[in-house]
1. If I ask for residues that are small (Gly, Ala, Ser) and over 28 Å from Val29 (Cβ atoms), which ones from segment 69-89 would you list?
2. Find all pairs meeting these conditions: Cβ atoms under 7 angstrom apart; at least six residues apart or on different chains; first residue within segment 59-76 and free of Cβ contacts under 8 Å to residues at least 40 places away in the same chain; second residue buried (at least 19 other Cβ atoms within 10 Å of the Cβ) and among the hydrophobic types (A, V, I, L, M, F, W, C).
3. Search segment 16-34 for residues being in contact (Cβ under 8 Å) with a residue 12 or more places away in the chain and either of a type in the set (D, E, K, R) or touching a Ser or Thr at 6+ places or on another chain (Cβ under 6 Å) (or both), and hand back the single one that is surrounded by the most Cβ atoms within 10 Å (Cβ to Cβ).
4. Could you grab me the full set of residues in segment 107-164 that are within 25 Å of His62 (Cβ to Cβ), open to solvent by 40 Å² or more (accessible area, probe 1.4 Å) and of a type in the set (Ser, Thr, Tyr)?
5. Within segment 64-97, track down each residue that is open to solvent by 80 Å² or more (accessible area, probe 1.4 Å) and of a type in the set (D, E, K, R).
6. Sort out which residues of segment 94-107 are over 17 Å from Ser54 (Cβ atoms) and small (Gly, Ala, Ser), and write them in order of number.
7. So, in segment 35-63, of the ones that are out of contact with any Lys or Arg (no Cβ under 9 Å at 6 or more places or on another chain) and assigned to a strand (DSSP E or B), which residue ends up surrounded by the fewest Cβ atoms within 10 Å (Cβ to Cβ)?
8. Give segment 14-34 a look and list any residue that's among the acidic types (Asp, Glu) and assigned to a loop (DSSP other than H, G, I, E, B), or say none.
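The values are calculated or read from the model by the stated rules, or taken from the named source; none is laboratory data. Keep in mind the model is a prediction, meaning the values are calculated, not measured. Cβ: placed from backbone, ideal geometry, glycine included. Neighbour counts: every protein chain shown. Remember, those area values only see protein heavy atoms, side chains included, never the ligands or the DNA or RNA. Shrake-Rupley method; radii C 1.70, N 1.55, O 1.52, S 1.80 Å.
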Amino acid sequence: MRYEDRLALRRLIEEQQAAALGTVTPDGVPFVSYVLYAVERRNGHTPGLLLLLSRLATHTNHLLAGSPLSLLITASPQSVTDPQALARVTLQGSAQDIPRHSPDFPTAQLTYLQRLPTQQHLFALPDFTLFRVTLHEARYIGGFGRAFTLDAARLAEALMVTEPA
């Protein structure tokens, strides 16, 4: 995967803030919903994502029951004339809730709110829970002829790639 593709992948994930979230019901049925996310970078850890979800939502209960997850992030449809050329990435991973009393919670909350400041009011609601997503794999489509599957290590490298000087 070329530097330009790694940079485009990082930009896609960082510049967007919404994704389709796929989970699996206890009966094994796929379930798709819509979520907001923030990229999280912690010292000594691979980059991941943060999700703020209501415990009243079906997808949240799937995650709390241990469902794997998939996130589909796409570029703006207005960015291309041919919808088949739309840049997109499907991320596979798992999520773990971050208890409010956890030492990690304040930093994770700050990271989330720096990216999504309009969501501040949701932290005051008792049913909202912050989740940390560990990323296991990605399938990136950068357009025609630009498709790559990345394992967790290569995805972490792509999320850490720097802008040209």
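1. We begin by selecting, within segment 69-89, every residue small (Gly, Ala, Ser); these are 70, 75-76, 79, 85, 87.
Result: Ala75, Ser76, Ser79, Ala85, Ala87.
2. His59/Leu21; His59/Leu53
3. Taking segment 16-34 first, the residues in contact (Cβ under 8 Å) with a residue 12 or more places away in the chain are 16-26, 31-34.
Checking which are either of a type in the set (D, E, K, R) or touching a Ser or Thr at 6+ places or on another chain (Cβ under 6 Å) (or both) leaves us with 21-24, 31.
On the way: Leu21: 26, Gly22: 19, Thr23: 21, Val24: 17, Phe31: 14.
By that ranking, first place goes to Leu21.
4. Result: Thr134, Thr149.
5. none
6. Matches in segment 94-107: Ser94, Ser102.
7. Only one residue fits best here, namely Ser54.
8. As a first pass, look at segment 14-34 and keep what is among the acidic types (Asp, Glu): 14-15, 27.
If the condition is that a residue be among the acidic types (Asp, Glu) and assigned to a loop (DSSP other than H, G, I, E, B), then Asp27 is the only one that fits.
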